[in-house]
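Take a look at the structure below.
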């Protein structure tokens, strides 16, 4: 399985509760690693099809 990099958001949005800041997901062997995220990352990863249920702690 290939490693993928998914941009969950880029740039810096104006202050607005409906906008989200940047985050990156790296998918390695089916496991997502979320890098540099803020409070909107869960909504953005769902939109991108990155399943949080696959997380390992």
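Here are a few things to note about the model shown:
- None of 13, 17 is modelled with pLDDT under 75, assigned to a loop (DSSP other than H, G, I, E, B) and surrounded by 12 or more Cβ atoms within 10 Å (Cβ to Cβ) except 13.
- Close Cβ contacts (under 7 Å, 6 or more residues apart or on different chains) running from residues in region 11-37 that are within 14 Å of residue 50 (Cβ to Cβ) to residues that are outside any loop (DSSP other than H, G, I, E, B) and modelled with pLDDT under 75 comprise 23/41; 30/54; 31/54; 32/54; 34/41.
The values are calculated or read from the model by the stated rules, or taken from the named source; none is laboratory data. Computed from a prediction, not measured in an experiment: that's the story for all the values here. So basically every Cβ, Gly included, is an ideal-geometry build from the backbone, and we count neighbours across all protein chains shown.
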